[in-house]
Amino acid sequence: MRYIDPHIHCVSRTTDDYQFMQRCGVVAVSEPAFWAGYDRSCAASFADYFRHLLEIEPKRAAKYGIDHYAWLCINAKEAEDVHLSREVIKLIPPLLDHPRVLGIGEIGLNKNTRNEITIFEEQVDVAATHNQLILIHTPHLEDKHKGTSIITDILKNDRRIKPERVLIDHCEEHTIRMAKAAGFWCGLTIYPVTKVTPQRGVDILEQFGTDMICVNSASDWGESGPHMLIDTTIEFRRRGHTEAEAVKVFHDNPCRFFEQSGKWKVKAIGV
Ligand SMILES: [Zn+2]
């Protein structure tokens with residue numbers, strides 16, 4: 001079966017992971033800009049990071065037959081520094097025409113602070129002004145419900161934003177309804193230790209249906225891994241869902257969302 005990992009931080013993964021993904025049938029990935037594990041000291045550091053995402057990582061992925069795309073932003077964790085964030089935001093518009101950029105992301109909230117909200121709104125404005133897709137990070141902390149609610153309210157109140165061009169990621173049982181009700185795409189992040197397990201992920205797919213949901217590993221420098229996508233597919237098939245249904249969830253749904261960018265080249269397999 002062919003897979004797409006719609007949210008993975010390849011810059012922090014090993015070459016073994018690329019080889020593993022190739023063996024499993026991963027044909028394409030999308031990599032949102034995120035926190036490096038430490039706060040960067042200046043905007044120039046982000047300029048290099050964006051170059052890494054757009055020039056270096058696609059070449060590295062291509063060696064393993066994987067088509068690599070990226071998203072640009074300043075992440076919520078570093079958005080607390082409003083001055084630095086604005087310097088970083090200025091770097092983004094000139095890069096938006098790059099053929100590997102799918103849109104603005106992963107933007108959102110971490111601790112739901114006033115500064116995070118300010119920078120989130122300013123990046124939504126960049127996306128709206130430049131007609132970009134948006135990939136949303138919802139908080140992993142106990143404030144996930146509140147954060148998701150603030151984010152979806154801001155997006156719903158901006159008439160320029162079309163919900164089908166936004167994906168609300170890291171949804172869980174208690175937040176997915178909020179995102180789906182407003183017509184947004186939803187992301188499920190499957191982790192070995194925290195967040196959603198393969199079993200819970202499949203429970204959610206069975207409860208909410210497979211339309212407009214993308215499943216990802218969000219693999220980064222923490223305990224995570226590209227195998228979570230495969231484990232979730234195994235659980236999905238174990239419960240009797242057909243291969244065609246699996247293809248829809250684990251390959252075609254990301255294609256449908258990403259192809260709205262006009263840059264995504266991987267074609268959906270099903271009808
Ligand atoms: Zn991420």
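Every read-out reported here was derived from the displayed coordinates using simple, explicitly stated rules and does not represent laboratory data. All values reported here derive from a predicted model rather than from experimental measurement. Heads up, the Cβs are rebuilt from the backbone with ideal geometry, glycines too, and the neighbour counts pull from every protein chain shown.
Quick check on the stretch 183-271: what does the Kirkwood estimate of hydrodynamic radius come out to from the alpha carbon pairs, in Å?
By the Kirkwood definition, the hydrodynamic radius is 13.5 Å.
Could you give the dipole magnitude of the stretch 3-261 about its Cα centre, charging the beta-carbon of Lys and Arg +1 and that of Asp and Glu -1, in debye to the nearest 20? List each step's numbers first, then the result.
Details: 29 positive and 38 negative charges, 63 e Å.
The dipole magnitude comes to about 300 debye.
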Most packed first (mean Cβ within 10 Å per residue), the peptides 83-96, 233-246 order as 83-96, 233-246
With point charges of +1 on the Cβ of Lys and Arg and -1 on the Cβ of Asp and Glu, referenced to the Cα centre of the stretch 3-261, which listed residue (Ser41, Ile176, Trp221) lies farthest in the positive direction of the dipole? Ile176
Reachable lysines, given that their alpha-carbon falls under 28 Å from the alpha-carbon of Lys146 and they are not under 8 places away in the same chain: Lys77, Lys111, Lys156, Lys162, Lys180, Lys195
Any idea how far the Cα center of the stretch 1-38 sits from the one of the stretch 149-206, in Å? 21
What would the Debye formula give as log10 I(q)/I(0) at q = 0.09, 0.12, 0.14 Å⁻¹ for the alpha-carbon point model of the chain, no solvent? -0.36, -0.66, -0.92
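If neighbour count is taken as other Cβ atoms inside 10 Å, put Met228, Met1, Met178 in order from fewest to most.
Working: Met228 24, Met1 13, Met178 19.
Final ranking by Cβ density, sparse to dense: Met1, Met178, Met228.
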Divide by every residue of the chain the summed helix terms, -39500 (n - 2.57) for each DSSP H run of at least 4, and state the resulting mean residue ellipticity at 222 nm, rounded to the nearest 500 deg cm²/dmol. -11000 deg cm²/dmol
